[in-house]
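Take a look at the structure below.
The values are calculated or read from the model by the stated rules, or taken from the named source; none is laboratory data. These numbers come from a predicted model, not from an experiment. Cβ: placed from backbone, ideal geometry, glycine included. Neighbour counts: every protein chain shown.
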Amino acid sequence: MEVNDHVIVRKVLDGDKEAYGTLVARHSPTVFRVAFRITGDEADADEVVQEAFLRGYQRLQTFESRSEFRTWIYRIAVNCALNMTSKRKVEATYQIGEETDPVTQQVQVADHAAGPERTLLSREIQSLQTAALGTLTPTERTAFLLRHMEDRSTAEIASVLEIAPNAAKQAVFRAVQKLRRSLAPLRVNP
Amino acid sequence: MNHLSEEQLIDHYYGKAESSAAASKHLQACDDCARSYASLASDLGAIKPPSVPERSAAYGEEVWQAIRGTLPVYEPVKAKSHWNWLVLKPWSLAAAATACLLIAAAFFAGRQWEHRNSSIATHAVNADAGKQRVVLVVLGDHLDRSERLLVGLEHAEPSTEASLQAEARDILSANRLYRASLNQTDDPVLAAALDHLERVLVEVSNQPAGLSQTKLVELQKEMNTDGLLFEVRILRSRVQEDVDRNNAVAAKKGVSIL
Ligand SMILES: [Zn+2]
């Protein structure tokens, strides 16, 4: 039978560093998934996973035995991922200022056009969706991703984002409203 | 019962459990609401999660190998003071103090290791890399936090001014320690930015009557907080590059057997 997470945390705090490896192995896939959903980038998600477990280890003494390790590390990962996306946004702002790059854009257009019709369409939808998600505030976006793609309850979202349940609910609500508005062009007419 | 609001429909869509039985009943009875619900469901159903790239079965083990070299061993409760700096509030003064003792050394080590040739023992490099990675993460946090404060100052509202001031005092203490641990020659750019940051933090912390909008505008102009924000962002991305390079080196060397 699998050793319980709480038992492992206890062992780590008692000086068994290697035991933490079990927790890392056990929860990496979940952490990677949410990190990828928030950052939208594979390499960034890998980095978030490492950082989350690193921070988790550093803060392990603040972990309370009445909570679940998986929820706790998940929350740390969501925050690392949010930091990562805001950092990328700052970088992007500078890049736009420094270099407008018509060449890259042309290449992308050509690449799109070369694909078969169906790929083109689904890619267009995908990029519209990504753009629409980009118009949300980080809290709205994360609340929505957790709700829509990670199947988290309002209470869980509130706990992960450290906001009141009603604020979490409102964030999801606003996100859905904004998304429906931006994605209206994709709507199949009845 | 009244028609269902959009909010109630959204609740119903995501969590039947969280939605009331009354809502379900109403949806069965009311065509208008049923139509709104169908439209909502079709819109939301069209938003498909992008597929998450596969990770191998060994992924967790790889993550562990990548970080384990940087982690100190927890000492059993009786004698834990040894590495207390990692514990609890990473931003307590004790944390900052110990971290900054390492900063100068780690930056120095980093520079040395770039110049070293590959015949150097992997263990030593990894030990440096591990220590440096932790220090960089800590320094990165400090810069993040400073960045948030500076952004906050630019967009301060009367309701947030008091908390900004408290935050500034907090960051100031940590900043002084970092600043003191760095020689001008270790990293002149970082040292200069921390100096500039300190001057701003002192100004913000020492407004006896609190911050007014007028005072903020004055500060922004006189102390060039825009420029400082820019410097901090550049440093932040540089620190991140160091972390990345550090990871890359560790990975190439076959990683952390500590
Ligand atoms: Zn109705």
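Go through segment A:138-179 residue by residue and tally those that are of a type in the set (Lys, Arg) and surrounded by fewer than 18 Cβ atoms within 10 Å (Cβ to Cβ).
Total satisfying the criteria: 1.
So that you can scan it fast, the table gives a plain yes or no per residue for (1) of a type in the set (S, T, N, Q); (2) touching a Phe, Trp or Tyr at 6+ places or on another chain (Cβ under 8 Å); (3) away from the ligand (no atom under 16 Å from the Cβ):
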| site | (1), (2), (3) |
| --- | --- |
| B:4 | no, yes, no |
| B:8 | yes, no, no |
| B:37 | no, yes, no |
| B:52 | no, yes, yes |
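Quick one: which of B:29, B:38 is small (Gly, Ala, Ser) and either surrounded by 12 or more Cβ atoms within 10 Å (Cβ to Cβ) or at the interface with chain A (Cβ under 8 Å from one of its Cβ atoms) (or both)?
Among B:29, B:38, only B:38 is small (Gly, Ala, Ser) and either surrounded by 12 or more Cβ atoms within 10 Å (Cβ to Cβ) or at the interface with chain A (Cβ under 8 Å from one of its Cβ atoms) (or both).
Check residue B:189 against each of (1) surrounded by fewer than 16 Cβ atoms within 10 Å (Cβ to Cβ); (2) modelled with pLDDT of 80 or more and name the one condition it does not meet.
Here residue B:189 meets the rest and fails (2).
May I ask you to say which residue of A:140, A:162, A:91, A:98 is closer than 26 Å to residue B:148 by Cβ, of a type outside the set (A, V, I, L, M, F, W, C) and modelled with pLDDT of 90 or more?
A:140
Scanning for something touching a residue at least 40 places away in the same chain (Cβ under 8 Å) and in a helix (DSSP H, G or I), does segment A:162-174 turn up at least one residue?
no
Hey, can you tell me all the residues within segment A:41-53 that are within 7 Å of chain B (Cβ to nearest Cβ) and surrounded by fewer than 22 Cβ atoms within 10 Å (Cβ to Cβ)?
A:42
Show the residue pairs meeting these rules: Cβ distance below 8 Å; 6+ apart or different chains; first residue within segment B:13-33 and of a type in the set (Asp, Glu) and modelled with pLDDT under 85; second residue more than 8 Å from the ligand (Cβ to nearest atom) and assigned to a loop (DSSP other than H, G, I, E, B).
The qualifying pairs are B:18/A:153.
In segment B:10-26, which residues are within 10 Å of chain A (Cβ to nearest Cβ), of a type in the set (A, V, I, L, M) and within 16 Å of the ligand (Cβ to nearest atom)?
From segment B:10-26, those within 10 Å of chain A (Cβ to nearest Cβ) are B:10-11, B:13-15, B:17-18; that's our starting set.
Now restrict to residues that are of a type in the set (A, V, I, L, M): B:10, B:17.
The one that is within 10 Å of chain A (Cβ to nearest Cβ), of a type in the set (A, V, I, L, M) and within 16 Å of the ligand (Cβ to nearest atom): B:10.
Condition test on residue A:132, is it in a helix (DSSP H, G or I), free of Cβ contacts under 8 Å to residues at least 24 places away in the same chain and not polar (S, T, N, Q)? Explain how you work it out, then say what you get.
Values: in a helix (DSSP H, G or I): yes; free of Cβ contacts under 8 Å to residues at least 24 places away in the same chain: no; not polar (S, T, N, Q): yes.
Criteria not met by residue A:132.
Taking into account only those residues within segment A:12-40 that are more than 8 Å from chain B (Cβ to nearest Cβ) and within 13 Å of the chain's Cα centre (by Cα), which is surrounded by the fewest Cβ atoms within 10 Å (Cβ to Cβ)?
A:30
Considering only residues that are loosely packed, with under 14 Cβ neighbours inside 10 Å, modelled with pLDDT of 80 or more and more than 8 Å from every other protein chain (Cβ to nearest Cβ), which ones fall in segment B:49-85?
Within segment B:49-85, B:51, B:54, B:56, B:57, B:58 qualify.
Is it fair to say residue A:183 is within 12 Å of another protein chain (Cβ to nearest Cβ) and surrounded by 21 or more Cβ atoms within 10 Å (Cβ to Cβ)?
Against the criterion (within 12 Å of another protein chain (Cβ to nearest Cβ) and surrounded by 21 or more Cβ atoms within 10 Å (Cβ to Cβ)), residue A:183 does not qualify.
List every residue pair whose Cβ atoms sit under 7 Å apart, with the two residues 6 or more apart in sequence or on different chains, where the first one lies in segment A:1-27 and is not assigned by TED's automatic domain parsing to the domain that holds residue A:69 and the second, anywhere, is crowded, with 17+ Cβ neighbours inside 10 Å.
Final answer for the pair search is none.
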